[in-house]
Amino acid sequence: MKSVFNILFLSLALLFSCIDSKDPIPKGSQFLVNTDFSASPNSISPWGAVQAPGFNLGISQEVFRSGFQSVFIENLDSLNENTGTWRQSYNGALPREGRSLKLKAYIKGEDITLRGPGSNVYISMRAFPVEDSNGSTTGRFVTSQNRTLVSGTFDWEPLEITLPRLPEQVDFLMVYLVMGPRATGKVYFDDVTLTVE
């Protein structure tokens, strides 16, 4: 009986080692750069701001969770229909199709008020191209927008989403840190990671 157990154990070990060897991207691999926005006091590259009228997007060296700075989005106009966004793309090696990816960010809020549908602070991840060669968009986008309502004044807390299965035909990934339309107040983002599950 012991030899049957040993053979079964060795067979399973061999099977799992073969599975891992087919995917050179190990679990826990982190894809984003400058996750704490503190690689340089003069630049948060490769993060980029998507400026929209009415929104103030900036860097704070007074409020941060780690490193020495964070980014923020602020809107004071409750009628503002625009969206304030920070984003970063990843176009390096990807894990095999079907693996899951987790996007996690820490946020801190000051007087965040939501007014109506789509009004929220959220994070998103999109696989590009938006459609695969069959015209399908299924499984290529995930967002926390409709899952967690972010409001009020609060200290650093995590916000995370998971892309449960990496789709096929992905050229690159884009992550977004967002304050949506008609959301007012100020939100800080820090320690943003995109990891293989």
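The values are calculated or read from the model by the stated rules, or taken from the named source; none is laboratory data. All values reported here derive from a predicted model rather than from experimental measurement. Neighbour counts run over all protein chains shown; Cβ positions are idealised from the backbone, glycine included. Just so you know, the surface numbers come from the protein's heavy atoms only, side chains and all, with ligands and any DNA or RNA stripped out. Shrake-Rupley method; radii C 1.70, N 1.55, O 1.52, S 1.80 Å.
Using amide H atoms built in the peptide plane, which far-off residues or other-chain residues are under 5 Å from Ser100 H to H?
Leu166, Glu197
Provide the three semi-axes, in whole Å and in decreasing order, of the ellipsoid equivalent to the chain as defined by the square roots of 5 times the Cα gyration tensor eigenvalues. Don't jump to the answer; show the numbers that get you there.
Values: eigenvalues 274, 72, 52 Å².
Working through the eigenvalues yields semi-axes of 37, 19, 16 Å.
Quick one: angle between helix 2-22 and the longest Cα principal axis of the chain, in degrees between 0 and 90, rounded to 10, please.
50 degrees
About the Cα centre of the stretch 74-136, how large is the charge dipole given +1 on each Lys and Arg Cβ and -1 on each Asp and Glu Cβ? Please answer in debye to the nearest 20.
My answer is approximately 420 debye.
If you look at just the Cα atoms of the stretch 124-189, how large are its Rg and its Dmax in Å?
According to the Cα coordinates of the stretch 124-189, Rg and Dmax are 14.5, 45 Å.
Taking the Cα-to-Cβ direction at Thr137 and at Leu76 and moving 7 Å from each Cα, how far apart do the two end points lie in nm?
3.6 nm
Once you keep just the Cα pairs under 8 angstrom separated by 6 or more residues, what percentage relative contact order results for the chain?
32 percent
Using the Karplus curve 6.51 cos²θ - 1.76 cosθ + 1.60 with θ = phi - 60°, work out ³J(HN,Hα) for each residue of the stretch 115-128 in order, rounded to whole Hz, and write x for Gly and Pro.
9, x, x, x, 7, 5, 10, 7, 10, 9, 9, 9, 8, 10
Heavy-atom accessible area per residue, the stretch 45-149, 1.4 Å probe: how many Å²?
Dividing the accessible area of the stretch 45-149 by its residue count gives 49 Å².
Where the accessible area of the chain is counted over protein heavy atoms with a 1.4 Å probe, how much of it, in %, is carbon and sulfur?
Accessible surface attributable to carbon and sulfur in the chain totals 54 percent.
To the nearest 0.05, how large is the calculated FRET efficiency for Asn146 and Ser45 if R₀ is 35 Å and r is the Cβ-Cβ distance?
After rounding to 0.05, the efficiency reads 0.70.
Using the Cα centre of the chain as the reference point, and only Cβ charges (+1 on K/R, -1 on D/E), how large is the resulting charge dipole? Debye, rounded to the nearest 20. Don't skip to the end; give the middle numbers.
On the way: 17 positive and 20 negative charges, 112 e Å.
Roughly 540 debye, rounded to the nearest 20.
Compute the signed sum of charges (Lys and Arg +1, Asp and Glu -1) over the other residues within less than 15 Å, Cβ to Cβ, of Thr153.
-3
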